[in-house]
1. Restricting to DSSP H runs of at least four residues, report the calculated mean residue ellipticity at 222 nm for the chain, -39500 (n - 2.57) per run over all residues, nearest 500 deg cm²/dmol.
2. Among the lysines, which have Cα under 22 Å from the Cα of Lys311 when same-chain residues fewer than 8 positions away are ignored?
3. What full-extension length gain, to one decimal in nm, is calculated for Phe249 and Arg316 as 0.36 nm per residue of separation minus the Cα-Cα distance?
4. Could you compute the longest span of the chain free of trypsin sites (Lys or Arg not before Pro) located in DSSP loops and having at most 13 other Cβ atoms within 10 Å, not counting the site residues?
5. Calculate the length of the line joining the C-alpha centroid of the stretch 65-86 to that of the stretch 306-345, in whole Å.
6. Anyone know which of Leu117, Leu11, Leu171 comes out most mobile in the 10 Å Cα GNM of the chain?
7. Would you grab the residues whose amide H sits under 5 Å from the one on Phe28? Only those 5+ places off in sequence or on another chain, please, with H modelled 1.01 Å from N.
8. Let's test the formula: R0 of 51 Å, r as the Cβ-Cβ distance of Val303 and His60. What FRET efficiency results, to the nearest 0.05?
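None of the figures in this text is laboratory data; all of them are computed from the coordinates on show. All of these numbers come straight from a predicted model, not from anything done at the bench. Here the Cβ positions follow ideal geometry from the backbone for every residue, glycine too, while neighbour counts run over all protein chains shown.
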Amino acid sequence: MSHTLLTGVLLALSSGILNGTFTLPMRFLGRWSWENVWSLFIAVSCLAMPTLIVLVTTPHAWMIVSEAPRHALLIAVAAGFAWGFGAIMFGQSVSAIGISLANTLVLAISSSLGSILPLLFLAPQKLFQQQGIVILVGVAIALGGIVLCGGAGWQREKAAGANTAMNRGDLVGRPRPLRAAVLLAVGSGILSAVFNIGFTLALPIADHARSAGLSQFASTNLIWWIMLAAGSIANIGFCTYLLYKNRSFAKFRQKDCTRLYLLTILMGVLYGGSIFVYGLAVPRLGALGSAIGWPLSLATGLVIANALGLKLGEWRHAPARSRMWLYAGITVLLIAVVVLSRANS
C-alpha cells in the first residue's frame, strides 16, 4: 500500500471516529436546554468552522462562488436548507433514544437512501442492471438491520418503560416514546440522503473552482461551505423559536457554565472535522475512494457510536435479548455498507 493511499485510509477512519463521537458531549450537557446546545453547536460546525477553513484554503472564495453555475448554487442552497431540518431531527432523536440507537438508525437509513436515490433520480435505467440490482440487495440487507435495531429498542422500551428505557445520565433534552424517536430518525436519514444528492448535483461549483486553479480539497470545501450555511438557517431559526418559547436564553448566562460552552464547541469541532477530514481523504484514495473511504468511515462511525452508547450504560438495564438484537442489527448493517460500497464503486 502506497504512502498516499495509507494516509487516505487513516483519514477515512479518523472521519468515522469523529462522526461517531461528536454526540458524546450531549451526555454531559443536561444543565442546558436542547436549544441552547444545538444553536451553539450549529454556529460552530456549520458557520464558524467552514468559514475559517474556506478562508484559509480558498483565496477570493466569494468571487469564485459568484461566478459558479447558478443552477448548481441554487441546488446547493436548497439541499442544504432541507438537510437543516434533518439535522434538527437527528439532534432531537439523540436526546430521545440515546447515542447508539439514534446514530445506528440515521446512518443506516442515510446510507441506504444515499445509494438508491441518486440512481432513481439520475439514472433510473440502471435500476435493474448489475449496479442497480446490487444496490437493491444492499438496501434490502440494510432494512433487515434497521428492523433488528428497531426491535432491540422496542424491547428495551417495553422492558423498562419509555422514560427509563436507558441510562440517560446528564443527557440534554428529554426522552420520547420509541415510535416518535424512530420517526425523527427516519426523517433525519431521508434528509441526509437529500444532502448527498444535492452535493452530487452541486459538483459544477467544484469543477468551476478547479478551473480557477484550486485543489480538489479546496474546491469541494466551497460546496460544503454553501450547503452547511444554508442548513444552519433552519437550525438556528428553530432554536431561536425554542429559546424564546421556553425562555432558555438565560441559561447561556448561568454561573459556572464554561464547561458547557467548551463541550458544545467540542461537538461542533468534531462534527465539522469529520466532514473536512473525509474531504482530505478522498483525493488520496484515488480510484478506490468510493470502494474504501465511504464504507470505512461509515462503518467506523457505526461501531464507535454503539460502543460509546454501550459504555455509557444506555443498554445497561435492557434485557439480554434486546442487546443480542442490537449486535445482530449492527452486524447486518456493516454487511449492507460493504455491499452498497461495492455497488457504488
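1. -26000 deg cm²/dmol, from helical runs alone.
2. Here the lysines satisfying the reach criterion relative to Lys311 are Lys158.
3. Here the answer is 20.7 nm.
4. Details: sites that count: Arg247, Lys255, Arg316.
Counting only loop sites that pass the neighbour cut-off, the longest clear stretch is 1-246.
5. 33
6. Checking each option, the largest mean-square fluctuation is seen for Leu117.
7. Under 5 Å from the amide H of Phe28: Val172.
8. That gives a FRET efficiency of 0.80.
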